[in-house]
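Trainee: I am attaching a structure below and will ask some questions about it afterwards.
The values are calculated or read from the model by the stated rules, or taken from the named source; none is laboratory data. Just so we're clear, the structure is a prediction, and the values are computed from it rather than from any experiment. Cβ coordinates were reconstructed from backbone atoms using ideal geometry, including for glycine residues, and neighbour counts include every protein chain displayed.
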């Protein structure tokens, strides 16, 4: 199956710093990638849809100035958590789907962010 | 809006069969997907139903009834490694998948 690589797997940072998370589709081109946030034992909450070459579409309640998304190529999307605070600590997961396969998402391994 | 309902927790005995139900309310519904997620890991795709009926993939089967807006995931010959969270998700064209809140399956000896 298709492979989506996400880095880093975990990161610990000080409050006020910025953290960048990368998501790469390794064996297919992804014009669209999705960023999710997940709290322990809860469901996946869609944060934004990342579109190659255009601005991301953010879900209601997600601060676009805090969660910067860049989708510069067909295989790479990045999420930058700017001026991170402890309440931003969470599990962030990216996903991508091959063109036309609207029913199947391939997920990255996730990034556990801990803000001290 | 779009919503999916599934039980929050299910417990079953090793070797048994368990069914996880999912009801949905979505517009422009294409089909129902199922994902498995172990603690600390990423979700992995299990199955997809676009048409009514049962789809079988090894020990896992998935069913869909579009008229009832209902589907289920059936796990047979349960193994301890099947302990995980299972999410149903509705596909609606090119829009993002909408996930249910997940069912935490605990397999006990």
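Trainee: Is it the case, given these coordinates, that residue B:90 is modelled with pLDDT under 95, touching a strand residue (DSSP E or B) at 6+ places or on another chain (Cβ under 6 Å), surrounded by 18 or more Cβ atoms within 10 Å (Cβ to Cβ) and assigned to a loop (DSSP other than H, G, I, E, B)?
Mentor: Considered against the rule, which asks whether it is modelled with pLDDT under 95, touching a strand residue (DSSP E or B) at 6+ places or on another chain (Cβ under 6 Å), surrounded by 18 or more Cβ atoms within 10 Å (Cβ to Cβ) and assigned to a loop (DSSP other than H, G, I, E, B), residue B:90 comes out as no.
Trainee: Right, another one. Considering the stretch A:10-29 alone, what residues qualify as being assigned to a loop (DSSP other than H, G, I, E, B), at pLDDT below 95 and closer than 21 Å to residue A:48 by Cβ?
Mentor: The answer is A:28, A:29.
Trainee: I'd like the residue in the stretch B:93-109 that is under 13 Å from the mean Cα position of the chain (by Cα) and assigned to a strand (DSSP E or B) and, out of all such residues, is surrounded by the fewest Cβ atoms within 10 Å (Cβ to Cβ).
Mentor: Taking the candidates together, the pick is B:104.
Trainee: Considering only the stretch A:59-101, how many residues are surrounded by fewer than 17 Cβ atoms within 10 Å (Cβ to Cβ) and not in a loop (DSSP other than H, G, I, E, B)?
Mentor: 7
Trainee: Which residue pairs have Cβ atoms under 9 Å apart, sit 6 or more places apart or on different chains, and have a first residue in the stretch A:25-54 that is at positive phi and facing another protein chain (nearest Cβ under 10 Å) and a second that is at pLDDT 85 or above and part of a loop (DSSP other than H, G, I, E, B)?
Mentor: So the pair list comes out as A:41/B:39; A:41/B:102.
Trainee: So if I check each of B:106, B:83, which one is farther than 17 Å from residue A:105 by Cβ and away from chain A (no Cβ under 13 Å)?
Mentor: Residue meeting the stated conditions: B:83.
Trainee: Here's another thing I want to ask about it. Taking the stated definitions as given, is residue A:104 within 14 Å of another protein chain (Cβ to nearest Cβ), on the phi > 0 side of the Ramachandran plot and assigned to a loop (DSSP other than H, G, I, E, B)?
Mentor: Judged against the criteria, residue A:104 is not a match.
Trainee: Also, quick follow-up: Do any strands (runs of 3 or more DSSP E) entirely within the stretch B:8-62 hold 2 or more residues that are out of contact with any helix residue (DSSP H, G or I) (no Cβ under 8 Å at 6 or more places or on another chain), modelled with pLDDT of 95 or more and more than 11 Å from chain A (Cβ to nearest Cβ), and if so, which?
Mentor: The strands (runs of 3 or more DSSP E) meeting that bar are B:9-13, B:18-25, B:53-57.
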